[in-house]
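Before any comments, here is the structure.
The values are calculated or read from the model by the stated rules, or taken from the named source; none is laboratory data. What you see is a predicted model, and the numbers here were worked out from it, not measured in a lab. Counting neighbours? That spans all protein chains shown, and the Cβs are built from the backbone with ideal geometry, glycine included. When the accessible area is computed, the model is the full protein with side chains, heavy atoms only, and any ligands, DNA or RNA have been set aside. Shrake-Rupley method; radii C 1.70, N 1.55, O 1.52, S 1.80 Å.
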2 protein chains.
Amino acid sequence: MSEENIVYIGNKPVMNYVLAVVTQMNGGVSEVILKARGRAISRAVDVAEIVRNRFITDATVTNIDISTEEIMSNEGSSTNVSAIEISLAKE
Amino acid sequence: MSEENIVYIGNKPVMNYVLAVVTQMNGGVSEVILKARGRAISRAVDVAEIVRNRFITDATVTNIDISTEEIMSNEGSSTNVSAIEISLAKE
(Lines give C-alpha, C1' and ligand atoms only; values in the text may rest on other atoms or scores of the structure.)
Protein backbone atom coordinates (compact mmCIF):
# COMPACT_ATOMS: atom_id res chain seq x y z
CA MET A 1 0.00 0.00 0.00
CA SER A 2 3.01 2.29 -0.32
CA GLU A 3 2.04 3.74 -3.67
CA GLU A 4 -1.32 4.76 -4.99
CA ASN A 5 -2.51 6.20 -8.23
CA ILE A 6 -5.72 7.83 -9.35
CA VAL A 7 -7.52 7.01 -12.60
CA TYR A 8 -10.27 9.47 -13.56
CA ILE A 9 -13.12 7.76 -15.39
CA GLY A 10 -14.75 9.85 -18.13
CA ASN A 11 -16.61 9.16 -21.35
CA LYS A 12 -14.07 7.06 -23.22
CA PRO A 13 -14.67 3.33 -23.83
CA VAL A 14 -14.46 1.18 -20.69
CA MET A 15 -11.48 -0.81 -21.95
CA ASN A 16 -9.31 2.33 -22.13
CA TYR A 17 -9.62 2.72 -18.38
CA VAL A 18 -9.25 -1.02 -17.74
CA LEU A 19 -5.97 -0.90 -19.65
CA ALA A 20 -4.80 2.11 -17.62
CA VAL A 21 -5.48 0.31 -14.33
CA VAL A 22 -3.95 -2.99 -15.45
CA THR A 23 -0.83 -1.21 -16.75
CA GLN A 24 -0.33 0.59 -13.44
CA MET A 25 -0.86 -2.51 -11.34
CA ASN A 26 1.43 -4.64 -13.48
CA GLY A 27 4.01 -1.85 -13.21
CA GLY A 28 4.12 -2.28 -9.45
CA VAL A 29 1.47 0.10 -8.13
CA SER A 30 -0.29 -1.70 -5.29
CA GLU A 31 -3.40 0.48 -5.05
CA VAL A 32 -5.37 2.31 -7.74
CA ILE A 33 -8.25 4.67 -6.97
CA LEU A 34 -10.95 5.07 -9.63
CA LYS A 35 -12.76 8.41 -9.50
CA ALA A 36 -15.90 9.27 -11.45
CA ARG A 37 -18.75 11.76 -11.40
CA GLY A 38 -22.32 11.73 -12.69
CA ARG A 39 -23.08 9.26 -15.46
CA ALA A 40 -19.51 7.98 -15.49
CA ILE A 41 -20.14 6.35 -12.10
CA SER A 42 -21.57 3.20 -13.70
CA ARG A 43 -18.53 3.03 -15.97
CA ALA A 44 -16.21 3.18 -12.95
CA VAL A 45 -18.01 0.16 -11.47
CA ASP A 46 -17.64 -1.65 -14.82
CA VAL A 47 -13.89 -0.90 -14.84
CA ALA A 48 -13.41 -2.24 -11.31
CA GLU A 49 -15.40 -5.39 -12.04
CA ILE A 50 -13.64 -6.12 -15.35
CA VAL A 51 -10.18 -5.58 -13.85
CA ARG A 52 -10.73 -7.93 -10.93
CA ASN A 53 -12.73 -10.59 -12.77
CA ARG A 54 -10.76 -10.84 -15.99
CA PHE A 55 -7.29 -9.33 -15.66
CA ILE A 56 -5.98 -9.11 -12.10
CA THR A 57 -7.81 -11.77 -10.14
CA ASP A 58 -5.92 -11.09 -6.91
CA ALA A 59 -7.12 -7.47 -6.91
CA THR A 60 -9.87 -6.64 -4.43
CA VAL A 61 -12.12 -3.66 -3.84
CA THR A 62 -10.88 -2.32 -0.52
CA ASN A 63 -13.11 0.73 -0.22
CA ILE A 64 -15.96 2.56 -1.95
CA ASP A 65 -16.96 6.13 -1.08
CA ILE A 66 -19.77 8.20 -2.49
CA SER A 67 -20.11 11.95 -2.17
CA THR A 68 -21.66 15.05 -3.66
CA GLU A 69 -19.60 17.67 -5.50
CA GLU A 70 -20.65 21.17 -6.42
CA ILE A 71 -19.92 22.19 -9.98
CA MET A 72 -19.78 25.90 -10.87
CA SER A 73 -20.98 26.77 -14.34
CA ASN A 74 -19.43 29.61 -16.34
CA GLU A 75 -22.46 31.77 -15.56
CA GLY A 76 -21.81 31.44 -11.82
CA SER A 77 -24.67 29.11 -10.95
CA SER A 78 -23.90 25.79 -9.26
CA THR A 79 -25.16 22.24 -9.69
CA ASN A 80 -24.66 19.21 -7.47
CA VAL A 81 -23.27 16.04 -8.96
CA SER A 82 -22.69 12.67 -7.29
CA ALA A 83 -19.22 11.18 -7.24
CA ILE A 84 -17.68 7.81 -6.44
CA GLU A 85 -14.22 6.64 -5.42
CA ILE A 86 -13.42 2.94 -5.75
CA SER A 87 -10.12 1.67 -4.29
CA LEU A 88 -8.66 -1.41 -5.94
CA ALA A 89 -5.69 -3.06 -4.28
CA LYS A 90 -3.48 -5.98 -5.18
CA GLU A 91 -2.29 -8.16 -2.33
CA MET B 1 -31.14 -2.69 12.24
CA SER B 2 -34.02 -5.09 12.88
CA GLU B 3 -35.87 -4.35 9.66
CA GLU B 4 -34.55 -3.78 6.20
CA ASN B 5 -36.14 -3.04 2.88
CA ILE B 6 -34.88 -3.11 -0.67
CA VAL B 7 -35.53 -0.37 -3.22
CA TYR B 8 -34.72 -1.31 -6.81
CA ILE B 9 -33.48 1.67 -8.83
CA GLY B 10 -34.55 1.70 -12.47
CA ASN B 11 -35.17 4.35 -15.10
CA LYS B 12 -37.76 6.50 -13.39
CA PRO B 13 -36.92 10.03 -12.19
CA VAL B 14 -34.54 10.15 -9.21
CA MET B 15 -37.08 11.80 -6.93
CA ASN B 16 -39.46 8.83 -7.22
CA TYR B 17 -36.85 6.64 -5.56
CA VAL B 18 -35.89 9.31 -3.03
CA LEU B 19 -39.54 9.50 -2.00
CA ALA B 20 -39.72 5.70 -1.68
CA VAL B 21 -36.68 5.63 0.63
CA VAL B 22 -37.80 8.61 2.73
CA THR B 23 -41.29 7.13 3.14
CA GLN B 24 -39.87 3.81 4.36
CA MET B 25 -37.44 5.42 6.78
CA ASN B 26 -40.03 7.80 8.19
CA GLY B 27 -42.33 4.78 8.58
CA GLY B 28 -39.86 3.18 10.96
CA VAL B 29 -37.61 1.09 8.71
CA SER B 30 -34.08 1.50 10.04
CA GLU B 31 -32.15 0.24 7.01
CA VAL B 32 -32.88 0.54 3.29
CA ILE B 33 -30.81 -1.18 0.60
CA LEU B 34 -30.67 0.44 -2.82
CA LYS B 35 -30.02 -1.99 -5.68
CA ALA B 36 -29.22 -1.01 -9.25
CA ARG B 37 -27.67 -2.47 -12.38
CA GLY B 38 -25.94 -1.01 -15.42
CA ARG B 39 -26.65 2.64 -16.15
CA ALA B 40 -28.98 2.93 -13.18
CA ILE B 41 -25.94 2.66 -10.88
CA SER B 42 -25.27 6.41 -11.07
CA ARG B 43 -28.92 7.07 -10.24
CA ALA B 44 -28.65 4.87 -7.14
CA VAL B 45 -25.72 6.99 -5.94
CA ASP B 46 -27.79 10.14 -6.60
CA VAL B 47 -30.68 8.72 -4.55
CA ALA B 48 -28.42 7.89 -1.59
CA GLU B 49 -26.77 11.32 -1.68
CA ILE B 50 -30.05 13.25 -1.96
CA VAL B 51 -31.68 11.27 0.86
CA ARG B 52 -28.86 11.82 3.32
CA ASN B 53 -28.04 15.40 2.36
CA ARG B 54 -31.53 16.85 2.01
CA PHE B 55 -34.13 14.68 3.68
CA ILE B 56 -32.80 12.38 6.40
CA THR B 57 -29.62 13.96 7.66
CA ASP B 58 -29.01 11.32 10.33
CA ALA B 59 -28.93 8.58 7.66
CA THR B 60 -25.50 7.22 6.80
CA VAL B 61 -24.14 4.94 4.10
CA THR B 62 -23.16 1.84 6.06
CA ASN B 63 -22.01 -0.35 3.18
CA ILE B 64 -21.48 -0.36 -0.59
CA ASP B 65 -20.96 -3.54 -2.60
CA ILE B 66 -20.32 -3.91 -6.29
CA SER B 67 -20.67 -7.11 -8.28
CA THR B 68 -21.21 -8.57 -11.74
CA GLU B 69 -24.48 -10.23 -12.75
CA GLU B 70 -25.10 -12.42 -15.78
CA ILE B 71 -28.19 -11.56 -17.78
CA MET B 72 -29.67 -14.19 -20.11
CA SER B 73 -31.25 -12.84 -23.28
CA ASN B 74 -34.28 -14.50 -24.87
CA GLU B 75 -32.03 -16.02 -27.52
CA GLY B 76 -30.03 -17.83 -24.84
CA SER B 77 -26.87 -15.75 -24.99
CA SER B 78 -25.61 -14.04 -21.85
CA THR B 79 -24.19 -10.61 -21.06
CA ASN B 80 -22.46 -9.37 -17.95
CA VAL B 81 -23.74 -6.29 -16.21
CA SER B 82 -22.32 -4.49 -13.17
CA ALA B 83 -24.48 -4.05 -10.10
CA ILE B 84 -24.33 -2.00 -6.90
CA GLU B 85 -25.91 -2.31 -3.46
CA ILE B 86 -25.91 0.74 -1.21
CA SER B 87 -27.05 0.32 2.41
CA LEU B 88 -28.51 3.41 4.05
CA ALA B 89 -29.21 3.29 7.78
CA LYS B 90 -30.76 5.68 10.24
CA GLU B 91 -29.28 5.73 13.73
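A few comments on the model shown:
- Note on region B:18-45: residues that are in contact with a strand residue (DSSP E or B) (Cβ under 8 Å, 6 or more places away or on another chain) and at positive phi amount to 1.
- Per-region count, region A:54-69, residues hydrophobic (A, V, I, L, M, F, W, C) and either open to solvent by 60 Å² or more (accessible area, probe 1.4 Å) or within 12 Å of chain B (Cβ to nearest Cβ) (or both): 4
- Across region A:23-38, the number of residues qualifying as without any contact (Cβ under 8 Å) to a residue 24 or more places away in the chain and either under 18 Å from A:Gly10 (Cβ atoms) or surrounded by 12 or more Cβ atoms within 10 Å (Cβ to Cβ) (or both) comes to 2.
- Filter result (closer than 29 Å to B:Ser30 by Cβ and modelled with pLDDT under 95) within region B:70-91: B:Lys90, B:Glu91
- A:Glu91 over 24 Å from B:Gly38 (Cα atoms), touching a Leu at 6+ places or on another chain (Cβ under 8 Å) and more than 13 Å from chain B (Cβ to nearest Cβ): no
- Failed item, numbered, when A:Asn26 is tested on (1) within 11 Å of another protein chain (Cβ to nearest Cβ); (2) farther than 25 Å from B:Arg43 by Cα: (1)
- Exactly one residue out of B:Ile86, B:Ile41, B:Ile6 is under 10 Å from the mean Cα position of the chain (by Cα) and open to solvent by 60 Å² or more (accessible area, probe 1.4 Å), and it is B:Ile6.
- Only one of the numbered conditions (1) under 26 Å from B:Asn63 (Cα atoms); (2) loosely packed, with under 14 Cβ neighbours inside 10 Å is violated by A:Val51, and that is (2).
- Summed over region A:47-61, residues that are over 10 Å from A:Val21 (Cβ atoms) and not in a strand (DSSP E or B) total 5.
- Looking across region B:63-79, the residues that are among the acidic types (Asp, Glu) and either touching a residue at least 24 places away in the same chain (Cβ under 8 Å) or over 25 Å from A:Ile66 (Cβ atoms) (or both) come down to B:Glu69, B:Glu70, B:Glu75.
- Out of B:Met72, B:Met15, sole residue that is out of contact with any strand residue (DSSP E or B) (no Cβ under 7 Å at 6 or more places or on another chain) and open to solvent by 40 Å² or more (accessible area, probe 1.4 Å): B:Met15
- When A:Ala83, A:Ala44 are screened for being within 11 Å of chain B (Cβ to nearest Cβ) and either out of contact with any Asp or Glu (no Cβ under 6 Å at 6 or more places or on another chain) or part of a loop (DSSP other than H, G, I, E, B) (or both), only A:Ala44 passes.
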